[in-house]
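A.B. asks: If you scroll down you'll find the structure; I have some questions about it.
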Amino acid sequence: MPIQRRQWSNWAGTAKATPQRVHRPRSAAEIAEVVAGVAEAGHRVRALGSGHSFTAIAAADSDALDLAAWTGIERADLETQQVTVRSGTTLRTLNAALDALGLAMTNLGDIDAQTIAGAISTGTHGTGARFGGISTQIVALELVLADGSVARCSADERPELFHAARVGLGALGVISTVTLQCEPSFVLSAQERPEPLEQVLEGFDDNAANNDHFEFYWFPYGAKALVKRNNRLPVDAERKPLSRLKQFVDYELTENVAFGGLCRLGRAVPKLVRPLGAFASQVSSPREYSDLSHRVFVTHRGVRFVESEYAVPRESVLDVLAELRTVVPRLKDPVAFPVEVRVAAADDIWLSTANGRDSAYIAIHQFLGMPYREYFSAFENVVGQVGGRPHWGKMHDLDASVLRTRYPHFDDFLRIRKECDPAGTFANTYLDRVLGSA
Ligand SMILES: Cc1cc2nc3c(=O)[nH]c(=O)nc-3n(C[C@H](O)[C@H](O)[C@H](O)COP(=O)(O)OP(=O)(O)OC[C@H]3O[C@@H](n4cnc5c(N)ncnc54)[C@H](O)[C@@H]3O)c2cc1C
């Protein structure tokens, strides 16, 4: 029995919806039953992840599928290291379950609150010049299509559906299981330290090439960037995790409590934002540690913000950052949050932001409640000049007419969508904008 009308809002509070009915299936057969029923009634349905997209991509006006009761590992093959996971499983639960099997995901983003299906549906990624986003780790998917049938796809089975559905925006069907190519557990050795921005920019190519997972945070108004270099070691390498106290002081107190305090102060007294930003860029202390990979990849984000992120061709990242550095000082309102810069290898997934090109990701943020529109739109203009592609789960203003020019396989995706969902059962307002009406 579905729950009648329930208010829904995303993590940042930037998208809200009131689905008429919320269904909570407990099996793949129940997912298929709900989808077929919704389609037959002429309603629309969206699968809900953890609500961590900043856009309204998950917003459901008619029916919503809450997959919180459809979790866990269904099958694990230790020989091939392939693991089939139910779509509502969060990355946190998945990482713990993989740990217990002696396995790990090859690459992860900054947090682990997302569901596996939500993460892959928007193209969630981490960093690493030789590595792709989470969707590149998929070897097979099972989806419930609009007629309630179950489609299985992989590189060999329905390959076009596989190209489309690995970053499918929830537009093709409801993913019931995801099979991932994992690898033996490994350790990451982390080095994090502030470095002069000019030096970081000059050394960008070398840093990206010579570290497995390289990224940096640039504090607008600050002369320094916080640089993170994570490098892979075998699982039996000596581990030197941060002590609980250091973890608490460095991450909870400094990055969440103290940084949140600075942001609140800046929001109350905007003229303090610039000096506070310059101060924040100076105070982060260097640290080195090592631990199991997911404990290093993932951090806790306690301070809420809004975000836009674009993938740009790797070779244009320095030009984009140079342009952004001229834009920020001209904004009417100051920027309280750092810019995050990451890298990823080219892949072949049709709507992946790294499709066909080695990419750099530039993510801009603003503290929740502070003005951001002028900043985000100026950023969109800058990245637009180099064919930037917006993260599907982060804020942007592009529509299908522009996105078609940025993705060589955009129309292939629409063709598969038409085949899987001819009546637009999985559509919502956001998809109408970015893909066009179904
Ligand atoms: C604090 C924070 C940090 C973040 N860090 C990163 C990062 O490091 N890297 C990065 O790339 N992104 C990052 N993101 C963005 C985030 O990873 C994505 O927006 C992701 O899609 C959120 O996953 P979710 O489970 O919350 O999905 P939701 O936002 O709830 O849904 C996303 C989409 O997935 C669809 N979906 C969910 N389940 C299914 C299913 N079973 N079948 C079909 N479609 C489905 C939904 O309908 C929707 O279209 C971050 C976001 C936040 C708030």
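A.B. asks: Can you pick out the pairs among 228/332; 16/271; 332/394; 16/228 whose Cα atoms lie more than 27 Å from each other?
C.D. replies: Beyond 27 Å between Cα atoms: 228/332; 16/271; 16/228.
A.B. asks: Counting only heavy atoms of the protein chains, get the accessible area per residue of the chain (1.4 Å probe) and round it to a whole Å² value. Intermediate results must be reported in sequence, preceding the final value.
C.D. replies: Working: 17600 Å² over 438 residues.
In whole numbers, the chain has 40 Å² accessible per residue.
A.B. asks: With the Cα gyration tensor of the range 187-390 giving a ≥ b ≥ c as the square roots of its eigenvalues, does the rule (a/c under 1.5 for rounded; else a/b larger than b/c for prolate; else oblate) give rounded, prolate or oblate? Please list the in-between numbers first.
C.D. replies: Details: a/c = 1.81, a/b = 1.09, b/c = 1.65.
In terms of gyration-tensor shape, oblate.
A.B. asks: Leaving ligands, DNA and RNA out of it, report the carbon-plus-sulfur percent of the accessible area of the range 187-390 at a 1.4 Å probe. Don't skip to the end; give the middle numbers.
C.D. replies: Numbers: 4700 of 8700 Å².
Solvent-exposed carbon and sulfur of the range 187-390 make up 54 percent of the total.
A.B. asks: Using θ = phi - 60° and the Karplus relation 6.51 cos²θ - 1.76 cosθ + 1.60, list the HN-Hα couplings for the range 359-371 in order, rounded to whole Hz, with x at every Gly or Pro.
C.D. replies: 10, 10, 9, 10, 10, 10, 9, 9, 4, 4, x, 9, x
A.B. asks: Using R₀ = 60 Å, calculate the FRET efficiency as 1/(1 + (r/R₀)^6) where r is the Cβ-Cβ separation of residue 206 and residue 16; round to 0.05.
C.D. replies: Working: r = 45 Å, r/R0 = 0.75.
Computed FRET efficiency for residue 206 and residue 16: 0.85.
A.B. asks: Right, another one. Find the centroid of the Cα atoms in the range 1-70 and in the range 365-411, then give the distance between the two in whole Å.
C.D. replies: When both Cα centres are located, 26 Å separates them.
A.B. asks: Excluding residues on the same chain fewer than 8 positions from residue 240, give the aspartates and glutamates whose Cα lies under 17 Å from its Cα.
C.D. replies: Within reach: 192, 250, 288, 291.
A.B. asks: Something else about it: Show me the trypsin sites (Lys or Arg not before Pro) within the range 24-120 that DSSP assigns to loop and that have at most 14 other Cβ atoms within 10 Å of their Cβ. If you can, show how the numbers build up before the last one.
C.D. replies: Values: sites: 26, 44, 46, 75, 86, 92; in loops: 26, 44.
Answer by residue number: 26.
A.B. asks: Something else now. Convert each backbone phi in the range 167-181 into a coupling constant with the Karplus relation 6.51 cos²θ - 1.76 cosθ + 1.60 (shift: θ = phi - 60°), then list the ³J(HN,Hα) values in order as whole Hz, x for Gly and Pro.
C.D. replies: 10, x, 6, x, 9, 9, x, 9, 6, 9, 9, 10, 9, 10, 7
A.B. asks: In units of 2.2 N^0.38 Å, what is the alpha-carbon radius of gyration of the range 1-121?
C.D. replies: Values: Rg = 15.5 Å, N = 121, 2.2 N^0.38 = 13.6 Å.
The value comes to 1.14.
A.B. asks: Right, another one. If Rh is defined by the Kirkwood formula over all Cα pairs and Rg also comes from Cα, what ratio Rg/Rh do you get for the chain?
C.D. replies: Working: Rg = 21.2 Å, Rh = 22.2 Å.
Across the chain, the Cα-based Rg/Rh ratio is 0.95.
A.B. asks: Tell me, what is the percent relative contact order of the range 142-204, built from C-alpha pairs under 8 Å that lie six or more residues apart?
C.D. replies: Working: 34 pairs, mean separation 19.5, N = 63.
With pairs under 8 Å counted, the relative contact order is 31 percent.
A.B. asks: Can you compute the charge dipole magnitude of the chain about its Cα centre, using +1 on each Lys and Arg Cβ and -1 on each Asp and Glu Cβ, nothing else charged? Give it in debye, rounded to the nearest 20.
C.D. replies: Details: 47 positive and 52 negative charges, 304 e Å.
Once rounded to the nearest 20, the dipole reads 1460 debye.
A.B. asks: On to the next question. Taking amide hydrogens as modeled 1.01 Å from N in the peptide plane, which residues meet the under 5 Å criterion relative to residue 289, leaving out close sequence neighbours?
C.D. replies: So residue 289 has HN proximity to 190.
A.B. asks: Ignoring ligands, DNA and RNA, what percent of the accessible area of the range 46-150 is carbon or sulfur (1.4 Å)? Could you put the intermediate results ahead of the total?
C.D. replies: Numbers: 1630 of 3240 Å².
Here carbon and sulfur together make up 50 percent of the probe-accessible area.
A.B. asks: I've got another one for you. What order do 341, 269 take when sorted by accessible area (1.4 Å probe), most exposed first?
C.D. replies: Working: 341 0, 269 50 Å².
I get 269, 341, largest accessible area first.
A.B. asks: Let me ask you something else. Using only Cα atoms, find the angle between the long axis of helix 410-420 and the longest principal axis of the chain, and express it within 0 to 90 degrees, rounded to the nearest 10.
C.D. replies: Around 30 degrees separate the two axes.
A.B. asks: Where does the chain land at 222 nm, in deg cm²/dmol rounded to the nearest 500, when only DSSP H runs of n ≥ 4 count, each adding -39500 (n - 2.57), divided by all residues? Could the numbers behind the result be given before it?
C.D. replies: Working: 15 runs with 128 residues, N = 438.
Helices in the chain give a 222 nm mean residue ellipticity of -8000 deg cm²/dmol.
The values are calculated or read from the model by the stated rules, or taken from the named source; none is laboratory data. Treat the numbers as computed from the prediction; the structure is a model and nothing was measured. Cβ coordinates were reconstructed from backbone atoms using ideal geometry, including for glycine residues, and neighbour counts include every protein chain displayed. In case anyone asks, the SASA skips ligands and DNA or RNA and just uses the protein heavy atoms, side chains included. Shrake-Rupley method; radii C 1.70, N 1.55, O 1.52, S 1.80 Å.
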